[in-house]
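Reading through the structure tokens given below for one structure.
The values are calculated or read from the model by the stated rules, or taken from the named source; none is laboratory data. Here the structure is a predicted model, which is why all the values come from computation and not from measurement. Using ideal geometry, Cβ is built from the backbone for each residue, glycine included, and neighbour counts are taken over all protein chains shown.
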Amino acid sequence: MTTWKLAARAEKMNPSAIREILKVTERPNVISLAGGLPSPKTFPVTEFAAACAEVLATDGQGALQYAASEGYAPLRQAVADMLPWDVEADQVLITTGSQQGLDLIAKVLIDPGSKVLVETPTYLGALQAFSPMEPQAVSVASDAEGVLPEDLSAKARGTEGAAFEDRARFIYLLPNFQNPTGRTMSEARRAAVSAAAQAAGLPIIEDNPYGELWFDEAPPLPLTARNPEGCIYLGSFSKVLAPGLRLGFLVAPKALYPKLLQAKQAVDLHTPIFTQRMVSTVMQGGFLDRHVPKIRALYKAQRDAMVGALQREMKGLDVEFNVPKGGMFLWLRMPEGIDATALLTQAVERNVAFVPGAPFYAGEADPRTLRLSFVTATEAQIATAIAALAETVREALAHRAAALVQQQLAAAH
């Protein structure tokens with residue numbers, strides 16, 4: 001009988017909490033506000049059909065052959081040109097989705113037991129990417145503008161007299177319309193965080209998949225623009241073109257780039273060159289400048305619909321929520337005593353689904369939090385779903401009140 005012995009790192013791998021939750025939402029009639037999926041209405045199908053034909057007609061054999069691990073040179077140059085600081089194309093590594101960028105960073109920078117700093121809460125996919133390398137993920141105290149510079153400084157230094165190898169390897173940040181909270185770092189906070197990281201000698205991993213999805217004004221300059229040698233910058237084409245392309249990129253200091261490239265070569269040799277060539281073709285002639293504003297307008301209308309529904313339906317329920325300035329997500333905090341994970345089961349019974357907030361915390365979780373996505377449901381579906389969610393909250397509060405009464409009666413006897 002064959003016995004398979006798992007590696008220690010495999011033992012530490014866990015299924016995506018969100019992917020498992022989404023299985024619950026697959027039944028008919030459920031309005032899902034759970035998944036972080038871009039709206040299919042924004043996918044430029046016609047443009048990709050034309051690009052596909054053009055790429056095959058122009059150099060079909062080259063588009064179907066093995067290619068350079070660094071990525072398609074014209075696409076790398078296009079990425080370098082669209083970033084708001086001085087970037088050379090040979091600093092750009094094309095990745096199979098920005099999620100691969102996180103995996104490469106983990107392999108190159110994390111040893112077992114290494115301390116890595118993250119926001120509170122943070123992107124679940126990053127925690128998953130880091131986990132197989134067995135780090136010690138440490139939450140940095142955060143508010144509505146992101147991490148607090150003072151706590152960043154303290155946790156970057158570690159204990160008094162800590163050896164260099166015991167200090168944090170990096171801090172992972174999403175400054176723009178963060179997943180899951182939707183919050184954005186102000187200019188002042190970015191300056192303070194960048195200064196604190198530089199003073200501590202702490203590298204920054206800046207993940208920016210949502211930065212182009214602003215509604216009224218563009219966010220401040222990236223953290224990487226302030227200290228390019230101290231940052232790795234991650235970007236994605238998933239939110240501005242289509243996620244099925246699995247196309248992202250990272251920008252790294254030249255001294256670090258070769259190791260990230262070697263890590264990629266060991267994983268997949270290169271990101272599919274056919275996909276890269278199609279995207280490069282679609283982007284010609286300033287397509288994104290015409291296309292992305294349409295995404296912004298759609299998402300803003302859906303954000304407004306969700307905020308309006310929450311203001312209307314949650315009135316008097318002591319439910320806290322933010323109003324994101326862009327992106328895809330909105331963050332809620334339930335009333336005292338309501339556990340969002342338990343609430344999900346009751347909500348699905350009313351045909352609405354969300355993502356509980358607990359999996360997004362590296363440290364102690366706030367069980368009252370949850371994430372809503374406003375970009376895939378229609379405005380009518382949003383209104384229906386939020387009304388159903390409000391009814392679920394009312395029912396949970398009523399049950400909790402009844403349980404407290406029973407406890408009080410039992411104590412009296």
Hey, Pro356 farther than 13 Å from Ala396 by Cα, touching a residue at least 60 places away in the same chain (Cβ under 8 Å) and in the same structural domain as Pro28 (by TED's automatic domain parsing) or not
yes
Of (1) surrounded by 21 or more Cβ atoms within 10 Å (Cβ to Cβ); (2) out of contact with any Pro (no Cβ under 9 Å at 6 or more places or on another chain); (3) among the hydrophobic types (A, V, I, L, M, F, W, C), Ile110 satisfies every one except (2)
Taking the stated definitions as given, is Leu250 modelled with pLDDT of 95 or more and part of a loop (DSSP other than H, G, I, E, B)?
no
Is at least one residue of the range 36-57 within 30 Å of Ala305 (Cα to Cα), in a helix (DSSP H, G or I), assigned by TED's automatic domain parsing to the domain that holds Glu145 and of a type in the set (Gly, Ala, Ser)?
no
Would you be able to say whether some residue in the range 375-392 is buried (at least 22 other Cβ atoms within 10 Å of the Cβ), within 24 Å of the chain's Cα centre (by Cα) and within 19 Å of Tyr123 (Cα to Cα)?
yes
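With the condition being among the polar types (S, T, N, Q), I'd like the strands (runs of 3 or more DSSP E) fully within the range 76-163 carrying at least 2 qualifying residues. It would help to see each step written out before you state the result.
Values: elements: 92-95, 115-118, 136-139.
In the range 76-163, the matching strands (runs of 3 or more DSSP E) lie at 136-139.
Quick grid of which residues meet (1) in the same structural domain as Asp59 (by TED's automatic domain parsing); (2) buried (at least 20 other Cβ atoms within 10 Å of the Cβ); (3) in a helix (DSSP H, G or I); (4) at pLDDT below 95:
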{"residue": "Lys254", "(1), (2), (3), (4)": "yes, no, no, no"}
{"residue": "Pro258", "(1), (2), (3), (4)": "yes, no, yes, no"}
{"residue": "Gln262", "(1), (2), (3), (4)": "yes, no, yes, no"}
{"residue": "Met278", "(1), (2), (3), (4)": "yes, yes, yes, no"}
{"residue": "Thr281", "(1), (2), (3), (4)": "yes, yes, yes, no"}
Which listed residue, of Ala141, Ala89, is closer than 27 Å to Ala192 by Cα, in the same structural domain as Leu223 (by TED's automatic domain parsing), without any contact (Cβ under 8 Å) to a residue 60 or more places away in the chain and surrounded by fewer than 20 Cβ atoms within 10 Å (Cβ to Cβ):
Ala141
Can you name every residue in the range 302-352 that is of a type outside the set (Lys, Arg), part of a loop (DSSP other than H, G, I, E, B), within 19 Å of Phe177 (Cα to Cα) and in contact (Cβ under 8 Å) with a residue 60 or more places away in the chain?
Asn322, Pro324, Gly327, Met328
Please verify whether the range 148-166 includes one or more residues that are at pLDDT 95 or above and under 18 Å from the mean Cα position of the chain (by Cα).
no
Looking for whichever is surrounded by fewer than 18 Cβ atoms within 10 Å (Cβ to Cβ), under 26 Å from Glu119 (Cα atoms) and β-branched (Val, Ile, Thr) here; the options are Thr369, Thr345, Thr341. Which one fits?
Thr341
Scanning the range 178-199 residue by residue, those touching a helix residue (DSSP H, G or I) at 6+ places or on another chain (Cβ under 7 Å), farther than 12 Å from Glu119 by Cα and in contact (Cβ under 8 Å) with a residue 60 or more places away in the chain turn out to be none
